[in-house]
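The values are calculated or read from the model by the stated rules, or taken from the named source; none is laboratory data. None of these values were measured; they are calculated from a predicted model. Quick reminder, even Gly has a Cβ in these numbers, built from the backbone with ideal geometry, and neighbours come from all protein chains shown.
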Amino acid sequence: MNGFALGAEQEEWCGQLRALAADRLRPLADKGEPGRVNRPLLAALGELGLLERVFTSGALELCLLRESLAYGCTEAETALALQGLGAHPVLSSGTPEQRARWLPEVRAGRAVAAFALSEPGAGSDAAALALEAVRDPGSKADADAYRGADGGGGGGGGWRLSGEKCWISNAPEADFYTVFARTGEGPAAKGVTAFLVPADRPGLSGEPLDMLSPHPIGRLSFDGVPVGPQDLLGEPGRGFRVAMDTLNRFRPSVGAFAVGMARAALDATLAYTAARRAFGGVLGDLQAVGHRVAEMATRTEAARLLVYAAAGAYDAGSPDVPRRSAMAKLLATETAQYVVDHAVQLHGAVALQRGHLLEHLYREVRAPRIYEGASEVQRTIIAKELYR
């Protein structure tokens, strides 16, 4: 890819993905229950080799994958992305045993992963985590609890997790959680540790949340959940870096998800306004409509190029990845909100009917401006990087 266009092979692959999303994945998504994990859809993503690409692709290829799936089936895109978000810390910081146990199952769509960072009092301010990991000297009974059915946790002392996580995607139905807890090696971000916590650990419970967007999202409660040395993801006190590395990896592709939705809304609007007759012609003949569509298209293209540039910077190992990633997510998610909203306006009442593409996108598009760092957080990151 040059700075302005994809190569012919990339364009062909994106077209194949859009068709696959519409023809193969959309029917499975339609059979799922909103707000619940769709395991048949995940299995199809694994069978098609798309989950594998989440872990083997560069950032640009991941963006193309997410954008193309979002265009044809947002549920498939979200299911794929959440697998990557939940399991990437295992790939980047897990032990050989953790990787061997979980990653093949995630790639096949048989195990559901979740990224458990947010809390009731720590959403955008991730360094303000309150979930506490208290040192446990480790009795014989404790050692047996640490091992659990999955054999994890080791046989010596460990920690007990106590507190709550909230707005966790795939909770409470995930098979394991990447959990970030305060172990106290230092203040704020310096005292956070990452753990891999299987869902069957004693003391772990959860409940689903009824959200505007149709994603599976829930709350988790930790009542002295035992974790041991073999559950660590990386080193004690270094969990915040694990979290930020994961978010930096996925932020440009959150923008790609948004671009996919914007492009779907734009194409639907072009088709509708070119055919809908009104005032002696078609809607597209009206200057007000044509100018609105031109603005939607221009903003979508600008967001797309910024997302690709951020992904390219990540793949090249550029030092300005945090700034570029934040810019890409900020512009793309705000643009998608603008495009979908105006697409609804130009369609009129038909777009407000349950089941209409734009009704669906209207509910989907709001959340990415908050998830993985709200727009205000992205602006803060950009400003700090500029003044650094």
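So here's what we get for this one:
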quantity	calculated
Test result for Thr300, in the same structural domain as Ser375 (by TED's automatic domain parsing) and closer than 30 Å to Phe115 by Cβ	yes
Qualifying position, being at pLDDT 95 or above, buried (at least 23 other Cβ atoms within 10 Å of the Cβ) and either basic (Lys, Arg) or part of a helix (DSSP H, G or I) (or both), among Leu69, Leu20, Leu28, Leu91	Leu69
Scan of segment 323-377 for residues that are of a type in the set (Ser, Thr, Tyr) and either over 22 Å from the mean Cα position of the chain (by Cα) or part of a helix (DSSP H, G or I) (or both), ordered by number	Ser325, Thr333, Thr335, Tyr338, Tyr362, Ser375
Residue match in segment 298-306 (condition: surrounded by 21 or more Cβ atoms within 10 Å (Cβ to Cβ) and in a strand (DSSP E or B))	no
Candidates Gly260, Gly206, Gly218, filtered to the one that is within 22 Å of the chain's Cα centre (by Cα), part of a helix (DSSP H, G or I) and touching a residue at least 24 places away in the same chain (Cβ under 8 Å)	Gly260
Residue in segment 240-255 that is farther than 17 Å from Leu331 by Cα and outside any helix (DSSP H, G or I) present	no
Candidate set: segment 268-282, residues that are surrounded by 15 or more Cβ atoms within 10 Å (Cβ to Cβ) and more than 30 Å from the chain's Cα centre (by Cα); chosen: the one farthest from Tyr362 (Cα to Cα)	Val282
Hits in segment 314-335 - residues which are in contact (Cβ under 8 Å) with a residue 40 or more places away in the chain and of a type outside the set (D, E, K, R)	Tyr314, Val321, Pro322, Ser325, Ala326, Met327, Ala328, Leu330, Leu331, Ala332, Thr333, Thr335
Failed condition for Ala311, given (1) over 28 Å from Gly72 (Cβ atoms); (2) modelled with pLDDT under 95; (3) among the aliphatic types (A, V, I, L, M)	(1)
Yes/no for Gly186 being surrounded by fewer than 22 Cβ atoms within 10 Å (Cβ to Cβ), touching a strand residue (DSSP E or B) at 6+ places or on another chain (Cβ under 7 Å) and either at pLDDT below 95 or under 23 Å from Gly373 (Cβ atoms) (or both)	no
From the options Ala171, Ala141, residue that is over 18 Å from Gly234 (Cβ atoms), out of contact with any helix residue (DSSP H, G or I) (no Cβ under 8 Å at 6 or more places or on another chain) and either in a loop (DSSP other than H, G, I, E, B) or at pLDDT 95 or above (or both)	Ala171
Criterion: surrounded by fewer than 17 Cβ atoms within 10 Å (Cβ to Cβ), touching a residue at least 24 places away in the same chain (Cβ under 8 Å) and more than 15 Å from Leu64 (Cα to Cα) - qualifying residue of Asp245, Asp285	Asp245
Matching option when the condition is without any contact (Cβ under 8 Å) to a residue 40 or more places away in the chain, assigned to a helix (DSSP H, G or I) and of a type outside the set (S, T, N, Q), among Glu97, Glu61, Glu77, Glu105	Glu61
Pro319 being under 28 Å from Ile168 (Cβ atoms) and modelled with pLDDT under 95	no
